[in-house]
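Before any comments, here is the structure.
The values are calculated or read from the model by the stated rules, or taken from the named source; none is laboratory data. Keep in mind that this is a model prediction, so the values were computed, not measured. Glycine also receives a Cβ, built like all others from the backbone with ideal geometry; neighbour counts cover every protein chain displayed. Surface areas here come from the heavy atoms of the whole protein model, side chains and all, with no ligands, DNA or RNA. Shrake-Rupley method; radii C 1.70, N 1.55, O 1.52, S 1.80 Å.
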Amino acid sequence: MKSAEIRTAFLDYFAQHGHTIVPTSSLVPGNDPTLLFTNAGMVPFKDVFLGRDPRPYVRATSAQRCVRAGGKHNDLDNVGYTARHHTFFEMLGNFSFGDYFKRDAIRFAWSFLTETLGLPKDKLWVTVHISDDEAEKIWKDEIGVDPERFSKLDEDNFWQMGDTGPCGPSSEIFFDHGPEVWGGPPGSPEEDGDRYIEIWNLVFMQFDRDAEGTLNPLPKPSIDTGLGLERVAAVMQGVHSNYEIDLFQNLLQAAAQATGHSDTNTPSLRVIADHIRSCAFLIADGVLPSNEGRGYVLRRIIRRAIRHGHKLGASEPFFHTLVSALDAEMGEAYPELREARDQIARVLLKEEEQFARTLDHGMGLLSAALDELEGKVLPGETVFKLYDTFGFPYDLTADVCRERDVTLDEEGFQRELEAQRERARAASQFGADYSVKIELDGETQFTGYDSLEDEAKVT
Ligand code: ATP
Ligand code: MG
Ligand code: MG
Ligand code: MG
């Protein structure tokens with residue numbers, strides 16, 4: 001089954017069960033300063049759960065584009081290292097706003113997986129929250145799930161959108177990719193491996209967490225679920241890694257061609273294929289590379305992709321050329337992507353040209369520093385110099401260092417940032433405004449005083 005067919009099958013299934021199909025929303029959450037990006041299918045429905053946004057339906061279903069590259073849910077560092085994490089992915093979801101609750105949510109999920117998709121029951125593992133005897137009973141007594149493949153966990157089974165907002169205990173469904181893949185069942189010490197992959201999270205929305213951390217009951221208990229399209233496609237296509245699914249094959253080919261690298265199994269190509277999706281969709285949704293907030297997250301992802309291309313030997317701007325392969329893959333399902341295609345390529349090319357001026361030198365400095373390094377921690381001054389002079393975001397340097405098992409002196413880096421801030425403050429007291437180095441033709445990296453603060457916040 002192709003990814004597009006799974007998406008349609010999901011929406012059809014829930015439409016047949018009384019759910020209204022709601023189109024996917026922007027990656028930039030409307031009116032929600034607490035959240036960097038839409039990181040789950042429930043985000044556009046946040047106010048519906050809170051009872052503030054009445055809708056003409058109590059059941060909804062969607063295929064929502066999501067980015068997890070900052071804030072509470074940040075998978076940037078996982079990309080390229082696990083088979084299952086992307087910065088951009090699609091979350092299929094069904095929602096009940098005070099209508100059905102645990103029993104039907106569990107029944108719908110089980111019947112979609114085992115009947116509509118025909119997945120073997122003995123490959124599926126289930127977890128519920130440690131306190132949730134009600135869900136346990138439904139799974140064991142009504143669904144008949146094997147107690148051998150069932151467990152009750154704590155934090156992993158409590159879902160929240162961010163530090164505040166709707167949340168509640170959850171029940172998750174995992175697929176066992178078999179003993180050839182390393183990893184242990186949920187709750188075991190090896191659960192971070194990729195053998196048992198979480199495919200679906202059913203959240204029993206019951207609370208709204210406020211700024212003080214207090215859990216206030218929602219007006220009505222509700223349901224929010226998220227099934228990762230790429231993960232379920234891997235299962236349906238009999239492959240283990242998300243990067244082996246239909247959708248990624250052409251992107252990987254295009255990335256290989258653009259960087260002049262033929263082995264599509266190279267981790268750097270997977271990173272590039274992943275990053276073109278988040279970057280293109282973020283730009284389509286109006287985000288532009290900048291030095292703060294959302295724009296800085298975008299800049300960090302783009303520069304990471306460029307660095308991986310550089311590692312593979314690409315000497316010319318290559319990243320922007322992948323937009324057409326992405327359009328061919330996803331433009332039909334996402335007309336907004338197709339429409340913004342040329343604009344996206346232009347923005348990426350500009351960023352590539354700008355970073356190209358400092359990337360080589362920065363990489364030279366970093367390689368030399370790593371060669372000379374005694375110990376396994378890169379000094380904060382080096383990290384800061386790369387950041388300040390060569391436009392290397394902190395996490396980009398960390399990404400390079402990780403390949404050599406080296407970590408960064410984060411405190412030292414923060415100290416350098418603070419010192420620069422002090423210098424800027426002192427300078428502006430004397431009337432000279434050095435607080436923002438204006439970017440002249442890319443000669444100097446723009447490092448605004450305000451933006452440093454913002455940047456340090458973006459994790
Ligand atoms: P994991 O434990 O594997 O990091 P999660 O518990 O963080 O996943 P949820 O917040 O429960 O994920 O999101 C619901 C579903 O969305 C997951 O079950 C998974 O199928 C999918 N998903 C989550 N994060 C990613 C990602 N970074 N890339 C692709 N799919 C994802
Ligand atoms: Mg996660
Ligand atoms: Mg999880
Ligand atoms: Mg989960």
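Table for the structure above
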| quantity | calculated |
| --- | --- |
| Boolean, T87 is within 16 Å of ligand 2 (Cβ to nearest atom) and surrounded by fewer than 20 Cβ atoms within 10 Å (Cβ to Cβ) | no |
| For L36: the one exception among (1) under 28 Å from E329 (Cβ atoms); (2) of a type outside the set (S, T, Y); (3) touching a Leu at 6+ places or on another chain (Cβ under 7 Å) | (3) |
| Unique residue being touching a Lys or Arg at 6+ places or on another chain (Cβ under 6 Å), away from ligand 4 (no atom under 16 Å from the Cβ) and either of a type in the set (D, E) or open to solvent by 40 Å² or more (accessible area, probe 1.4 Å) (or both) when the list is D104, D99, D12 | D99 |
| Test: residue in segment 208-224 that is over 16 Å from F45 (Cβ atoms), outside any loop (DSSP other than H, G, I, E, B) and under 24 Å from the mean Cα position of the chain (by Cα) | yes |
| Strands (runs of 3 or more DSSP E) fully within segment 94-186 counting 1 or more residues that are closer than 28 Å to R68 by Cβ, of a type outside the set (A, V, I, L, M, F, W, C) and within 14 Å of ligand 1 (Cβ to nearest atom) | 124-129, 158-160, 165-176 |
| Single match in S188, S171, S151 (criterion: touching a Gly at 6+ places or on another chain (Cβ under 9 Å), within 15 Å of ligand 3 (Cβ to nearest atom) and more than 17 Å from H240 (Cα to Cα)) | S151 |
| Whichever residue in segment 72-84 is in contact (Cβ under 8 Å) with a residue 24 or more places away in the chain and within 10 Å of the chain's Cα centre (by Cα) and, among such residues, is nearest to ligand 4 (Cβ to nearest atom) | H73 |
| In segment 344-369, the residues that are within 30 Å of V287 (Cβ to Cβ), open to solvent by less than 60 Å² (accessible area, probe 1.4 Å) and more than 28 Å from the chain's Cα centre (by Cα) | L365 |
| Residue among G71, G51 that is within 15 Å of ligand 1 (Cβ to nearest atom), on the phi > 0 side of the Ramachandran plot, modelled with pLDDT under 95 and open to solvent by 40 Å² or more (accessible area, probe 1.4 Å) | G71 |
| Residue match in segment 370-379 (condition: hydrophobic (A, V, I, L, M, F, W, C), surrounded by fewer than 21 Cβ atoms within 10 Å (Cβ to Cβ) and part of a strand (DSSP E or B)) | yes |
| Counted residues, segment 54-68 - those being of a type outside the set (F, W, Y), away from ligand 1 (no atom under 12 Å from the Cβ) and open to solvent by 20 Å² or more (accessible area, probe 1.4 Å) | 5 |
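Yes/no per residue for (1) in contact with a Lys or Arg (Cβ under 6 Å, 6 or more places away or on another chain); (2) open to solvent by 10 Å² or more (accessible area, probe 1.4 Å); (3) away from ligand 1 (no atom under 13 Å from the Cβ):
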residue: E191; (1), (2), (3): no, yes, no
residue: I197; (1), (2), (3): yes, no, no
residue: V203; (1), (2), (3): no, no, no
residue: L227; (1), (2), (3): no, no, no
residue: V235; (1), (2), (3): no, yes, no
residue: V239; (1), (2), (3): no, yes, yes
residue: I245; (1), (2), (3): no, no, no
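Matching residues to (1) in contact with a helix residue (DSSP H, G or I) (Cβ under 7 Å, 6 or more places away or on another chain); (2) open to solvent by 10 Å² or more (accessible area, probe 1.4 Å); (3) over 25 Å from L36 (Cα atoms):
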site: G260; (1), (2), (3): no, yes, yes
site: L269; (1), (2), (3): yes, no, yes
site: R307; (1), (2), (3): yes, no, no
site: T321; (1), (2), (3): yes, yes, yes
